[in-house]
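Chemist: Attaching a single structure in structure tokens format; questions to follow.
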């Protein structure tokens with residue numbers, strides 16, 4: 001037992017204990033404005049004008065956020081343009097979330113007599129649920145109850161040398177303890193996919209990973225672009241990376257060395273414990289939202305930064321229910337943004353620590369946050385607008 005969390009009926013444990021209001025919109029935002037202890041997405045696609053496949057993705061994300069261990073209870077309302085679609089029907093979403101055993105309230109705008117009436121009832125319901133949630137207390141929990149997701153960005157040489165290897169060490173330690181670790185960014189393994197696929201537990205898992213990469217490359221070529229020339233992005237080049245292969249070889253270290261148990265769709269909950277690859281996109285808002293829907297109680301951004309010439313770090317995680325942890329190994333980035341970044345692993349580069357020593361320190365920091373210590377992004381009231389990873393065109 002190594003962290004203090006909120007036990008849930010399905011055997012998971014929350015690192016936070018918020019009441020979630022979904023889907024986004026006027027009703028959700030106003031309930032959260034009036035009632036402390038509630039959370040909502042700042043924005044998200046409602047499904048209107050989307051394909052059935054993309055609406056199913058939206059539903060999977062909303063259901064996953066409601067079932068996330070950090071969600072103590074959930075309020076689902078029907079005041080959304082997507083409410084009439086079968087995939088994003090509020091009753092379906094509420095019923096799926098309720099299967100986790102947590103309290104769920106459904107607010108029907110039509111039955112309530114209109115938006116204002118629904119909002120009034122929503123505030124009353126939220127106040128009651130928040131009081132009940134506040135009665136819960138943290139208890140000792142096991143590492144095996146943790147799920148963590150990682151993204152790396154603004155990659156530079158410090159990312160591959162120290163930042164990502166330190167995260168990878170922590171991932172290995174979590175998996176060895178019976179926990180679950182999620183990594184992805186399909187474009188971030190192109191050029192190193194053959195090495196990553198070798199870690200798959202079965203040939204089928206290896207093929208699924210390679211198929212994800214092949215599909216992305218084919219989509220890029222269909223648009224007249226070679227992704228190996230579009231990526232790395234300007235910030236990577238400015239930081240000192242020269243090719244996508246070089247970027248990917250550094251990025252893959254954030255996944256540690258554990259066997260890859262499976263390949264997940266965006267927002268899909270892993271079927272078991274261990275390390276999983278997620279077929280997702282590179283933006284932090286979409287990746288973290290998908291990890292939260294998959295059950296992650298903590299997400300982390302391993303930042304290169306190249307000295308942060310035009311980055312803003314004063315942003316909360318766009319997942320609504322999951323804290324965001326910033327970490328970097330770049331000493332210039334750290335010196336300029338120590339008030340926003342939670343952890344510095346550049347001590348590996350300076351020779352003060354080994355990867356293992358910094359990794360142990362990082363793992364303890366993760367457990368500290370899981371026990372309730374706030375990350376620096378959590379001290380800012382601003383939350384980045386949510387962006388779901390939808391693969392098909394809108395109509």
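The values are calculated or read from the model by the stated rules, or taken from the named source; none is laboratory data. Here the structure is a predicted model, which is why all the values come from computation and not from measurement. With ideal geometry, Cβ positions are generated from the backbone for all residues, glycine too; neighbour counts draw on all protein chains shown.
Chemist: Which of (1) over 15 Å from residue 394 (Cβ atoms); (2) free of Cβ contacts under 8 Å to residues at least 60 places away in the same chain; (3) not in a helix (DSSP H, G or I) is the odd one out, the single condition residue 20 does not satisfy?
Modeler: (2)
Chemist: Moving on to the next point. Can you give me the ranges of the helices (runs of 4 or more DSSP H) entirely in region 310-395 with at least 3 residues that are at negative phi and under 18 Å from the mean Cα position of the chain (by Cα)?
Modeler: Numbers: elements: 331-337, 347-350, 355-370.
Hits in region 310-395: 355-370.
Chemist: In this structure, is residue 149 under 17 Å from the mean Cα position of the chain (by Cα), outside the structural domain of residue 65 (by TED's automatic domain parsing) and in contact (Cβ under 8 Å) with a residue 40 or more places away in the chain?
Modeler: Details: under 17 Å from the mean Cα position of the chain (by Cα): yes; outside the structural domain of residue 65 (by TED's automatic domain parsing): yes; in contact (Cβ under 8 Å) with a residue 40 or more places away in the chain: yes.
In short, yes.
Chemist: Got at least one residue in region 50-68 being surrounded by fewer than 23 Cβ atoms within 10 Å (Cβ to Cβ) and farther than 19 Å from residue 266 by Cα?
Modeler: There is no residue in region 50-68 that is surrounded by fewer than 23 Cβ atoms within 10 Å (Cβ to Cβ) and farther than 19 Å from residue 266 by Cα.
Chemist: Just need a number here: residues in region 378-395 that are modelled with pLDDT under 90 and buried (at least 17 other Cβ atoms within 10 Å of the Cβ).
Modeler: 4
Chemist: Continuing with the same structure: Scan region 104-135 for residues that are under 12 Å from residue 72 (Cα atoms) and surrounded by fewer than 18 Cβ atoms within 10 Å (Cβ to Cβ) and jot them down.
Modeler: Hits for region 104-135 are 131, 132, 134, 135.
Chemist: Across region 39-71, what is the total count of residues that are closer than 23 Å to residue 118 by Cα, under 19 Å from the mean Cα position of the chain (by Cα) and not in a helix (DSSP H, G or I)?
Modeler: Qualifying residue count, region 39-71: 8.
Chemist: Taking the stated definitions as given, is residue 36 part of a loop (DSSP other than H, G, I, E, B), assigned by TED's automatic domain parsing to the domain that holds residue 129, at pLDDT 95 or above and buried (at least 23 other Cβ atoms within 10 Å of the Cβ)? Talk me through it step by step, then tell me what you get.
Modeler: Working: part of a loop (DSSP other than H, G, I, E, B): yes; assigned by TED's automatic domain parsing to the domain that holds residue 129: yes; at pLDDT 95 or above: yes; buried (at least 23 other Cβ atoms within 10 Å of the Cβ): no.
In short, no.
Chemist: Which of (1) touching a helix residue (DSSP H, G or I) at 6+ places or on another chain (Cβ under 9 Å); (2) surrounded by 15 or more Cβ atoms within 10 Å (Cβ to Cβ) is the odd one out, the single condition residue 138 does not satisfy?
Modeler: Unmet condition: (1).
Chemist: Then there is this: Please state which of the following conditions residue 97 fails to meet, knowing it meets all the rest: (1) surrounded by 23 or more Cβ atoms within 10 Å (Cβ to Cβ); (2) within 27 Å of residue 174 (Cα to Cα); (3) in contact (Cβ under 8 Å) with a residue 60 or more places away in the chain.
Modeler: (3)
Chemist: Restricting the search to region 1-28, which residues are modelled with pLDDT of 95 or more and surrounded by fewer than 18 Cβ atoms within 10 Å (Cβ to Cβ)?
Modeler: Scanning region 1-28 gives 4, 7.
Chemist: Checking residue 111 against (1) assigned to a loop (DSSP other than H, G, I, E, B); (2) at negative phi; (3) free of Cβ contacts under 8 Å to residues at least 60 places away in the same chain, only one condition comes out false. Which one?
Modeler: It fails just one condition, (1).
Chemist: Over 24 Å from residue 175 (Cβ atoms), surrounded by fewer than 22 Cβ atoms within 10 Å (Cβ to Cβ) and touching a helix residue (DSSP H, G or I) at 6+ places or on another chain (Cβ under 9 Å), is that true of residue 367? Give the derivation first.
Modeler: Details: over 24 Å from residue 175 (Cβ atoms): no; surrounded by fewer than 22 Cβ atoms within 10 Å (Cβ to Cβ): yes; touching a helix residue (DSSP H, G or I) at 6+ places or on another chain (Cβ under 9 Å): yes.
Here the answer is no, as residue 367 does not meet what is asked.
Chemist: Could you give me the residue pairs with C-beta distances under 6 Å whose first residue belongs to region 344-359 and is within 17 Å of residue 303 (Cα to Cα) and in the same structural domain as residue 161 (by TED's automatic domain parsing), whose second residue is surrounded by fewer than 17 Cβ atoms within 10 Å (Cβ to Cβ) and modelled with pLDDT under 95 wherever it lies, and which are 6+ apart or on separate chains?
Modeler: 346/331
Chemist: Can you name the condition, by its number, that residue 254 falls short on among (1) modelled with pLDDT under 75; (2) part of a helix (DSSP H, G or I)?
Modeler: The number of the failed condition is (1).
Chemist: If you take the residues of region 226-235 that are under 22 Å from residue 266 (Cβ atoms) and in a helix (DSSP H, G or I), which of them is modelled with the lowest pLDDT?
Modeler: 230
Chemist: Moving on to the next point. Regarding residue 159, is this residue surrounded by fewer than 24 Cβ atoms within 10 Å (Cβ to Cβ), closer than 23 Å to residue 319 by Cβ and under 23 Å from the mean Cα position of the chain (by Cα)?
Modeler: When the stated conditions are applied, residue 159 does not pass them.
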